[in-house]
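Notes follow once the structure below has been shown.
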Amino acid sequence: MKPFEYKRPADTYEAVAVLTEHSDAVFLAGGSNLVDHLKLGITEPGLVVDIGRLDLTEVEALDDGGLRIGAMVRNSEAANDPRVRRDYPMLSRALLSGASGQLRNAATMGGNLLQRTRCVYFQDKTTPCNKRDPGSGCSAIDGYTRYHAILGASPTCVATHPSDMAVALTALDATIIVLGHRGERRIPISDLYRLPGEHPERDTVLERDDLITALELPPPHAGRSTYRKLRDRASYAFALVSVAAEIDVDASGPVPVIREAAIALGGVAHAPWRAHRAEAVLRGAEATRETFQRAADAELEAAEPLEGNAFKIPMARGAITTVLAELTDASAAEPDTEESHE
Ligand SMILES: Cc1cc2nc3c(=O)[nH]c(=O)nc-3n(C[C@H](O)[C@H](O)[C@H](O)COP(=O)(O)OP(=O)(O)OC[C@H]3O[C@@H](n4cnc5c(N)ncnc54)[C@H](O)[C@@H]3O)c2cc1C
Ligand code: SF4
C-alpha cells in the first residue's frame with residue numbers, strides 16, 4: 001500500500017474544504033470498499049479524509065411523511081430501522097441482501113452509494129481497464145462476463161453497478177443530498193449515476209470534492225413492494241440480476257387493474273436500471289401474469305448480452321414476472337430480519 005496522510009475533519013464544511021484543496025485526497029467512511037482498493041493499489045491517494053466521526057448518523061422523519069437518512073448511518077441500522085421496515089420494505093430487504101452482517105455493520109449509506117464496480121479486471125491492476133486507467137482498453141468484453149451488463153453498456157466498458165441499496169433507492173425515487181465547494185444541492189438518484197459512454201472512469205455526476213451528507217425518501221406510496229436478488233450463493237455474493245418493485249393495484253372491479261408501478265433492476269447495467277418501459281406497459285393494465293411478462297419483455301427488448309451473460313435475459317424476465325405476481329396476490333411481503341437473507 002502506498003503511504004498516505006490521514007486527516008479527520010471536525011465538520012462537513014471542513015471535510016469538503018480539505019478535498020477541494022487537495023487534488024489527491026479521498027473520503028473514508030466505513031472503509032469496506034476503499035481500504036481494499038488502497039491495498040490493491042487501485043486507488044493511491046496522498047491524503048485520506050476520515051469522515052467517520054461526522055454528525056451524519058440520524059434517521060429523521062420529514063414533515064412531508066418521508067425519511068431522511070444520514071450518510072454515516074450504517075447499512076444494518078438503516079435496514080432495521082422500524083420506519084424503513086414498515087414503510088420501505090424494499091429498501092430494508094435490499095440492504096439485508098448485501099454483503100454479510102459484519103460488513104453491513106461497517107458499511108455506510110454514503111459509501112454504499114459510491115462503492116466501485118466488482119468487475120474482476122477493474123480489481124486486477126495487471127489487466128487493461130478503461131475505468132481504472134482510461135484509454136487502456138476493456139479486458140472484460142472478450143473475457144469473463146458472467147457479472148457484466150446487458151443494458152446500456154458501451155464498447156468502452158460493460159461493468160455493472162454493485163449496490164443493492166441503490167437499486168431500491170432508484171425504484172423509490174430517493175434524493176441524494178450533497179455538499180460541495182459551491183454549497184448544498186439535491187440530486188434525484190436517477191440523475192446520480194452515469195452510463196459508461198466514452199468516460200467509464202466516471203461512475204456518477206459527483207465532483208471529486210462532493211460529500212454525500214444524506215439521502216431522502218419520499219413519503220411511502222400505496223401498494224406493496226419488495227426486493228429480490230438472484231445470485232450464485234445464498235449470501236455474500238453480488239447480484240446476477242435483482243429487482244426492486246412496487247405495485248399498486250385497484251382490486252375493486254371484477255379484474256384487478258394496476259394503478260401505479262415502479263421497477264428498478266440491478267446487476268444488468270452500469271447504473272441501477274429504472275425500468276421505464278416495463279412501467280409504461282403496467283400502468284392501467286390488468287394485473288395478470290401475461291401483463292407482467294409483456295412488461296418484462298418490453299424492458300428487455302433492448303438487451304445486448306455478451307457471450308457469458310445471455311442467461312441474464314430470461315433470468316431478469318422471470319424475476320420481474322415472479323416478483324410482480326407475488327406482490328399482487330393475497331400474501332403480503334414482509335421485510336426480512338437482520339439474520340435472514342433473500
Ligand atoms: C466481501 C464483500 C461483499 C459485499 N457484498 C455486497 C453486496 O452483496 N451488495 C452490496 O450492495 N454491497 C456489497 N458489498 C459492498 C459494501 O456494501 C460496500 O463496501 C459498502 O457499502 C461501502 O460503504 P463504506 O462506508 O464502507 O464505504 P468506503 O469503503 O469508506 O467508501 C467507498 C467509496 O465511497 C466514498 N464515500 C464514502 N462515503 C462518502 C460520502 N459520504 N460522500 C462522498 N463519498 C463517500 C469513498 O471515498 C470511497 O470512494 C460487499 C463488500 C464486500 C467487501
Ligand atoms: S468492464 Fe469496465 S471495469 Fe471491467 S475491464 Fe472493462 S472497462 Fe474495466
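The values are calculated or read from the model by the stated rules, or taken from the named source; none is laboratory data. On a predicted model such as this, the values are computed, not experimentally measured, just so you know. All Cβ positions, glycine included, derive from the backbone under ideal geometry; neighbour counts span all protein chains shown. Please note that ligands, DNA and RNA were not included when accessible areas were found on the heavy atoms of the full protein model with its side chains. Shrake-Rupley method; radii C 1.70, N 1.55, O 1.52, S 1.80 Å.
A few points about this structure:
- So residue 178, is it more than 16 Å from ligand 2 (Cβ to nearest atom) and either farther than 20 Å from residue 244 by Cα or touching a Cys at 6+ places or on another chain (Cβ under 7 Å) (or both): yes
- Boolean, residue 193 is touching a strand residue (DSSP E or B) at 6+ places or on another chain (Cβ under 9 Å) and within 16 Å of ligand 2 (Cβ to nearest atom): yes
Results for (1) over 30 Å from residue 153 (Cα atoms); (2) in the same structural domain as residue 239 (by the TED database); (3) at pLDDT 95 or above; (4) within 21 Å of the chain's Cα centre (by Cα), shown as yes or no for each residue.
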residue: 296; (1), (2), (3), (4): no, yes, yes, yes
residue: 300; (1), (2), (3), (4): no, yes, yes, yes
residue: 306; (1), (2), (3), (4): no, yes, yes, no
residue: 309; (1), (2), (3), (4): no, yes, yes, yes
residue: 314; (1), (2), (3), (4): no, yes, yes, no
residue: 319; (1), (2), (3), (4): no, yes, yes, yes
residue: 324; (1), (2), (3), (4): no, yes, yes, yes
residue: 337; (1), (2), (3), (4): yes, no, no, yes
residue: 341; (1), (2), (3), (4): no, no, no, yes
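- Comparison of 15, 61 shows that the only residue that is touching a residue at least 40 places away in the same chain (Cβ under 8 Å) and either under 20 Å from the mean Cα position of the chain (by Cα) or within 20 Å of residue 186 (Cβ to Cβ) (or both) is 15.
- The range 236-249, subset over 30 Å from residue 19 (Cβ atoms) and within 16 Å of ligand 1 (Cβ to nearest atom), residue surrounded by the fewest Cβ atoms within 10 Å (Cβ to Cβ): 236
- Scanning the range 138-152 for residues that are in a loop (DSSP other than H, G, I, E, B), near ligand 2 (Cβ under 9 Å from one of its atoms) and hydrophobic (A, V, I, L, M, F, W, C) yields a total of 3.
- In the range 78-107, the residues that are under 16 Å from residue 233 (Cα atoms) and outside the structural domain of residue 65 (by the TED database) form no Cβ pair under 8 Å with any partner that is assigned to a helix (DSSP H, G or I) and open to solvent by 20 Å² or more (accessible area, probe 1.4 Å), whether six or more places apart or across chains.
- Any hit, the range 125-137, residues being more than 30 Å from residue 303 (Cβ to Cβ), more than 19 Å from the chain's Cα centre (by Cα) and open to solvent by less than 60 Å² (accessible area, probe 1.4 Å): no
- Within the range 83-129, the only residue that satisfies the criterion of being over 21 Å from residue 247 (Cα atoms), of a type in the set (D, E, K, R) and away from ligand 2 (no atom under 16 Å from the Cβ) is 104.
- Hey, residue 56 more than 16 Å from ligand 2 (Cβ to nearest atom), buried (at least 21 other Cβ atoms within 10 Å of the Cβ) and assigned to a loop (DSSP other than H, G, I, E, B) or not: yes
Each row is one residue, and each column tells you yes or no for (1) open to solvent by 10 Å² or more (accessible area, probe 1.4 Å); (2) at pLDDT below 95.
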| position | (1), (2) |
| --- | --- |
| 183 | yes, no |
| 186 | yes, no |
| 190 | yes, no |
| 196 | no, no |
| 206 | yes, no |
| 216 | yes, no |
| 219 | yes, no |
| 227 | no, no |
| 234 | yes, yes |
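- The set of residues in the range 41-66 being among the acidic types (Asp, Glu) and within 13 Å of ligand 1 (Cβ to nearest atom) consists of 44, 50, 55.
- Pairs, first under 15 Å from residue 201 (Cα atoms) in the range 132-144, second of a type in the set (D, E, K, R) and open to solvent by 80 Å² or more (accessible area, probe 1.4 Å), C-beta under 9 Å, six or more apart: 132/125; 133/125
- Filtered by the rule that a residue be open to solvent by less than 10 Å² (accessible area, probe 1.4 Å) and under 17 Å from residue 229 (Cα atoms), the range 89-109 gives 90, 91, 92, 94, 95, 96, 97, 104.
- Hits in the range 6-25 (condition: among the small types (Gly, Ala, Ser), under 21 Å from residue 177 (Cα atoms) and assigned to a loop (DSSP other than H, G, I, E, B)): 10
- Only residues that are within 11 Å of ligand 1 (Cβ to nearest atom) and open to solvent by 10 Å² or more (accessible area, probe 1.4 Å) were counted across the range 168-178, and they come to 0.
- Condition check for residue 275: closer than 27 Å to residue 205 by Cα, open to solvent by less than 40 Å² (accessible area, probe 1.4 Å), touching a residue at least 40 places away in the same chain (Cβ under 8 Å) and of a type outside the set (Ser, Thr, Tyr): yes
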